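The next block holds one structure in the form of structure tokens; read it before the comments.
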Amino acid sequence: MVLVPTRAFGWVRKTFVAPESTYGTPVMPLAAYSLAALDVSFTPRQERLFRMDTTGIRSYQNNRFSGRKSAEWSIRKYMVPSGVAGTAPDDDDLLKAAFGAKATGLTSTVRYLPDDETLQSLTIMSHVGHFMHGVYGAAVNQLVMNFNGTDFSTFEFSGPAKDFMWGGSTTLSAGANKSVTNVKVADADFYSANVIVQLGAQANGVTGYKILSVSSNGTLKISPALAATVASGATISPFGPALSLAGAALHGITGSFTATTGAVTITSASVTLNNNLQLRSDEYGQSTPTAIILDRMRTVTFTLELYLTKSIFYLFGEGAAFTAQNITLVAGDTAAKRFRCLMAQGEFEVPKINEPGAEGEVTLSVSGSAQATSAGEDDCKLEAY
């Protein structure tokens, strides 16, 4: 039985992130692409352009032009290692898309490292009860890694996408016979191409039916052909496979921060990897972006919050001298259930002292950036180990 409530609730959400073999060619959701997320957001972008030629009136003419389409997206989730040495976490594809590469030949460690030339594109879908929406040709422009002493450690992924898609729940306006690929629905506005649906009890096993195209007369072209006849009036609803998830979230009560000078006790930290990527979106004859372009410098920055104890006042001198630091931020304390962020050439800025009023403890805010070594492509690495 499929529950199709009138309203949608956050707890119903199932998220799927799939790598694309070709940029902008959507990949349909499967259990293998499951992801547990705290927040998922998609923002469609559809240009609507006014004509600017004059006609003797001070109003725009009622014939706006539909320009290029694109989208923005974001996902916030817990840091969740797989729990099995050498096995990638559920967000493997997101992490590869953020960094660009994953090391090979390792046995007990999964290592993500920067790639200067290419980034993986993704299809991201969210199934929330009676509707589904998502984007494809998605690129990870920014990854923020948050380490907090009083909360769970998190990843925040965000970036642009080539195009967006949507699917709701309506009914068949005519019966659909076995083996057909065209079905009639009550309202075609409920759907775009590239979403997965279930027709009545027919779900094509555990993969659903993909909408290939939508016609204004209410016809959906689906793939594959229907496996059985579905009666008129049957509900058509988005289909999301059952999730397959692994691992446990990491809380800030376990973890550590070390620099070249040794271990430092912090209250929180964040590391931001910004790819500064662009989507090629100005080619003639194209209604959506056509490629991910890496024509700008990648940046890695970090922030630290800590109590200003007597022993760590040396950070002022280190910051003023821009002394290179070998920085390691660890979340977790058990083998196969840890992440660590590595910055071999981290540089502190001069810290900021935060003085309280009559009550409270003096704290320190430290910002910094990470550069690559002479080997290159190593300004920031992430390991599940």
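Just to be sure before I move on: is Thr334 surrounded by 15 or more Cβ atoms within 10 Å (Cβ to Cβ) and either closer than 18 Å to Phe147 by Cβ or touching a residue at least 12 places away in the same chain (Cβ under 8 Å) (or both) in the structure I sent? It is false that Thr334 is surrounded by 15 or more Cβ atoms within 10 Å (Cβ to Cβ) and either closer than 18 Å to Phe147 by Cβ or touching a residue at least 12 places away in the same chain (Cβ under 8 Å) (or both). Is there a residue being closer than 30 Å to Gly255 by Cβ, aliphatic (A, V, I, L, M), at pLDDT 95 or above and open to solvent by less than 10 Å² (accessible area, probe 1.4 Å) anywhere in segment 173-189? Checking segment 173-189: not a single residue is closer than 30 Å to Gly255 by Cβ, aliphatic (A, V, I, L, M), at pLDDT 95 or above and open to solvent by less than 10 Å² (accessible area, probe 1.4 Å). The criterion of being farther than 30 Å from Met165 by Cα and out of contact with any strand residue (DSSP E or B) (no Cβ under 8 Å at 6 or more places or on another chain) does not hold for Ala372. Condition check: among the polar types (S, T, N, Q), buried (at least 19 other Cβ atoms within 10 Å of the Cβ) and part of a strand (DSSP E or B). Does Gln325 satisfy that? Considered against the rule, which asks whether it is among the polar types (S, T, N, Q), buried (at least 19 other Cβ atoms within 10 Å of the Cβ) and part of a strand (DSSP E or B), Gln325 comes out as yes.
Scanning segment 251-293 for residues that are free of Cβ contacts under 8 Å to residues at least 40 places away in the same chain and not β-branched (Val, Ile, Thr) yields Gly262, Ala263, Gln278, Arg280, Asp282, Glu283, Tyr284, Gly285. Among the residues making up segment 337-367, those that are open to solvent by less than 10 Å² (accessible area, probe 1.4 Å) and in contact with a helix residue (DSSP H, G or I) (Cβ under 9 Å, 6 or more places away or on another chain) are Phe348, Leu364, Val366. Among the numbered conditions (1) of a type outside the set (A, V, I, L, M, F, W, C); (2) modelled with pLDDT under 95; (3) open to solvent by less than 60 Å² (accessible area, probe 1.4 Å); (4) closer than 28 Å to Ala8 by Cβ, the only one that Gly262 does not meet is (4).
For segment 211-246, enumerate the residues that are open to solvent by less than 50 Å² (accessible area, probe 1.4 Å) and within 23 Å of the chain's Cα centre (by Cα). Within segment 211-246, Pro238, Phe239, Gly240, Pro241, Ala246 qualify. Only one of (1) in contact with a Lys or Arg (Cβ under 7 Å, 6 or more places away or on another chain); (2) in a loop (DSSP other than H, G, I, E, B); (3) without any contact (Cβ under 8 Å) to a residue 24 or more places away in the chain; (4) not acidic (Asp, Glu) fails for Gln46. Which number is that? Against the list (1) in contact with a Lys or Arg (Cβ under 7 Å, 6 or more places away or on another chain); (2) in a loop (DSSP other than H, G, I, E, B); (3) without any contact (Cβ under 8 Å) to a residue 24 or more places away in the chain; (4) not acidic (Asp, Glu), Gln46 comes up short only on (2). Under the condition of being among the small types (Gly, Ala, Ser), closer than 30 Å to Val195 by Cβ and part of a loop (DSSP other than H, G, I, E, B), the residues counted in segment 108-135 number 2.
The values are calculated or read from the model by the stated rules, or taken from the named source; none is laboratory data. The model shown is predicted, which means the values in this text are computed figures rather than measured ones. Methodologically, a virtual Cβ is constructed for each residue, glycine included, from the backbone with ideal geometry; neighbour enumeration extends over all protein chains shown. When the accessible area is computed, the model is the full protein with side chains, heavy atoms only, and any ligands, DNA or RNA have been set aside. Shrake-Rupley method; radii C 1.70, N 1.55, O 1.52, S 1.80 Å.
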